[in-house]
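So the structure is just underneath, and the comments pick up after that.
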């Protein structure tokens, strides 16, 4: 049984659907619980889906007090639902993705069923969110295991929790063949960046870096693919920045795309400019599509995906000048871009879903075995 708030267009949601679909294909009975109102990714018909919206009040309408009241009530309605559901279904294990239902599952599962918390961010980052602090300081200790996305995080935790398993994100797409890549390479152009339009993604740094070299490469544009988040003015800040550099016709905001693999096949260079990441799906996806990647050396993620100088380029973290030089290097040298792309689709095979799902299966088997001793 897997539990998440929704399947809106984010990396964690994409990973969850990939894991659920692959486990179901292997013959496991998989239950996925989430709010159907937000669904950006497809779920296999073999996965049983439960809609949390059947017991939740609407928190988007009404006055501020009513919205907060409904949010409060929803947490306890959820507690009641999961109590009944887990008692009736008796799942072999429960996995909580993200942090929507952490405290409810902590109390309900204790002593009844193995509980796994799947953390989707690096632990070596100072989050100001109260929910995040409570999860890491209190609720995760109730779990029988915590999954992290990198070996860096496992070392950083130093056995803080009972069991810590490294679960790299599985590839969402089958890597291109070398033949297909070589055939498509001459048709590829432009820089692509992906992610929700939030400050953490650092698109302002990409815009600033590109503006410094745009005159040298007049045939190159930048496309930023990602969801414009409600109640955020970051997209306005970005568009004003683009306008201030006179690049309205060169830098484009193209919105969220479900078919990211097809979009990536049309681009030549990928840029990861985030302030922090856990294990950036979009970076491994870009490499699987043969893109020449230029990435900030953020705390976790890129160095477990890219071999610097061989299948991508890593530059000093948050250094706009270094990002500019990295982009200049790949834009100026088509042979370098081609070689980086070829090596990327070869090296990224180590994250193929079959190998990652093997690790999920092994974790569940070990937990269930210990639980029923």
- prompt: Going by the structure shown, is residue 263 touching a residue at least 12 places away in the same chain (Cβ under 8 Å) and farther than 28 Å from residue 305 by Cβ?
  reply: no
message: Being closer than 30 Å to residue 258 by Cβ and either surrounded by fewer than 22 Cβ atoms within 10 Å (Cβ to Cβ) or out of contact with any helix residue (DSSP H, G or I) (no Cβ under 6 Å at 6 or more places or on another chain) (or both) is the requirement here; does residue 159 meet it?
response: no
statement: Sole miss for residue 185 among (1) part of a strand (DSSP E or B); (2) closer than 17 Å to residue 264 by Cβ is condition (1)
- request: Return a yes/no flag: does the range 314-333 have any residue that is closer than 22 Å to residue 202 by Cβ, modelled with pLDDT of 95 or more and part of a strand (DSSP E or B).
  value: yes
- request: Might you check whether a residue that is under 20 Å from residue 153 (Cα atoms) and either assigned to a loop (DSSP other than H, G, I, E, B) or within 13 Å of the chain's Cα centre (by Cα) (or both) occurs anywhere in the range 283-295?
  value: yes
field: Index of the failed condition, residue 257 passing every other in (1) surrounded by fewer than 19 Cβ atoms within 10 Å (Cβ to Cβ); (2) assigned to a helix (DSSP H, G or I)
entry: (2)
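For every residue, the table says whether it meets (1) at pLDDT below 95; (2) assigned by TED's automatic domain parsing to the domain that holds residue 291.
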| site | (1), (2) |
| --- | --- |
| 123 | yes, no |
| 132 | yes, no |
| 137 | yes, no |
| 151 | yes, no |
| 192 | no, yes |
| 196 | yes, yes |
| 208 | no, yes |
task: Could you list, in sequence order, all residues of the range 149-169 that are in contact (Cβ under 8 Å) with a residue 60 or more places away in the chain and in a loop (DSSP other than H, G, I, E, B)?
output: 149, 150, 163, 167, 168, 169
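Out of the range 190-204, which residues are touching a strand residue (DSSP E or B) at 6+ places or on another chain (Cβ under 9 Å) and either part of a helix (DSSP H, G or I) or buried (at least 18 other Cβ atoms within 10 Å of the Cβ) (or both)? Steps first, answer last, please.
Going through the range 190-204, the residues touching a strand residue (DSSP E or B) at 6+ places or on another chain (Cβ under 9 Å) turn out to be 190-195, 197, 201-203.
Matches in the range 190-204: 191, 192, 193, 194, 195, 197, 201, 202, 203.
Would the range 205-213 turn up any residue that is without any contact (Cβ under 8 Å) to a residue 60 or more places away in the chain, in a loop (DSSP other than H, G, I, E, B), within 11 Å of residue 253 (Cβ to Cβ) and in contact with a helix residue (DSSP H, G or I) (Cβ under 8 Å, 6 or more places away or on another chain)? Outline the logic, then answer.
Within the range 205-213, the first condition is being without any contact (Cβ under 8 Å) to a residue 60 or more places away in the chain, and the residues that meet it are 207, 211.
Right, trim to in a loop (DSSP other than H, G, I, E, B) and you get none.
For the range 205-213, residues without any contact (Cβ under 8 Å) to a residue 60 or more places away in the chain, in a loop (DSSP other than H, G, I, E, B), within 11 Å of residue 253 (Cβ to Cβ) and in contact with a helix residue (DSSP H, G or I) (Cβ under 8 Å, 6 or more places away or on another chain): absent.
Among 232, 274, 268, which is the only one that is within 20 Å of residue 198 (Cα to Cα), touching a strand residue (DSSP E or B) at 6+ places or on another chain (Cβ under 9 Å) and outside the structural domain of residue 151 (by TED's automatic domain parsing)? Before you say what the answer is, go through the steps one by one.
Details: 232 fails: touching a strand residue (DSSP E or B) at 6+ places or on another chain (Cβ under 9 Å); 268 fails: within 20 Å of residue 198 (Cα to Cα).
The unique qualifying residue is 274.
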field: Unique residue being touching a residue at least 12 places away in the same chain (Cβ under 8 Å), on the phi < 0 side of the Ramachandran plot and either in contact with a strand residue (DSSP E or B) (Cβ under 8 Å, 6 or more places away or on another chain) or not assigned by TED's automatic domain parsing to the domain that holds residue 145 (or both) when the list is 79, 34
entry: 34
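The values are calculated or read from the model by the stated rules, or taken from the named source; none is laboratory data. Here the structure is a predicted model, which is why all the values come from computation and not from measurement. Every residue, glycine as well, gets a Cβ built from its backbone with ideal geometry; the counts of neighbours run over all protein chains shown.
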